[in-house]
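Novice: Structure in structure tokens, see below.
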Amino acid sequence: MASTWVVVFEDKKITKPDFDNGPMQQNGRGYVLDAPEYDSFWADPKFANIWAIQYGVTPSSDEVEYRDGTPNSSYAEANLGDISQFTNKWDAVHLAQLQFNWDNDNVEGETEAEKIARLGARPTSYSS
């Protein structure tokens, strides 16, 4: 079973895979969260030995990979807290990206009403 979230601690990257073309054609959007406001998050001691997380659809498909050779475990066994600590951060960065894209998708001479008709309203929230 494919993971629904991937977190790579070395890269400070959270990815939400997208399987539009089937499991062998995994695409997705990953964001590197390396701004200073994320430093304390990544430095949390509970993540010190974590290399990567592949969070799946069910607990049996979750996998936490360790830096020191400890055998991989499930996310629940790793006792890292709720996955929303990652997904909420991804959602916030993704919303900012969607807003940036909307703000910069302009057609010369187009009114705001025409832009809204073409693109829909400017995104104001996003939740995975």
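Readers should treat all values here as calculations from the given coordinates under stated rules, not as data from a laboratory. Every value quoted in this text rests on a predicted model; they were computed, and no experiment measured them. When we count neighbours, we look across all protein chains shown, and the Cβ atoms used for this are built from the backbone with ideal geometry, even at glycine.
Novice: For the chain, find the longest principal axis of its Cα atoms and tell me its angle to the long axis of helix 84-103, 0 to 90°, nearest 10.
Specialist: The helix 84-103 is inclined about 20 degrees to the chain.
Novice: Suppose every Lys and Arg Cβ carries +1 and every Asp and Glu Cβ carries -1, with no other charges. What dipole size does region 3-119 come out with about its Cα centre, to the nearest 20 debye?
Specialist: Around 240 debye, computed over region 3-119.
Novice: Shifting gears a bit: Choose one of Val93, Ala48, Val64: the residue whose Cα lies farthest towards the positive end of the charge dipole of the chain (beta-carbon charges +1 Lys, Arg; -1 Asp, Glu; about the Cα centre).
Specialist: The one lying farthest along the dipole's positive direction is Val64.
Novice: Here is a follow-up. Here are a few candidate values for Rg/Rh (Cα atoms, Kirkwood Rh): (1) 0.97; (2) 0.93; (3) 1.08. Which one was actually calculated from the structure I just gave you?
Specialist: (3)
Novice: For region 53-125, what does the relative contact order come out to in percent, with C-alpha contacts under 8 Å and a separation of six or more?
Specialist: Relative contact order of region 53-125: 18 percent.
Novice: Here is a follow-up. Structure shown: which of Lys89/Lys115; Lys16/Lys46; Lys46/Lys89; Lys13/Lys115 lie over 26 Å apart, alpha-carbon to alpha-carbon?
Specialist: Listed pairs above 26 Å: Lys89/Lys115; Lys13/Lys115.
Novice: List every residue whose amide H lies under 5 Å from the amide H of Ser74, counting only residues 5 or more places away in sequence or on a different chain, with H placed 1.01 Å from N in the peptide plane.
Specialist: For Ser74, the qualifying residues are Val64.
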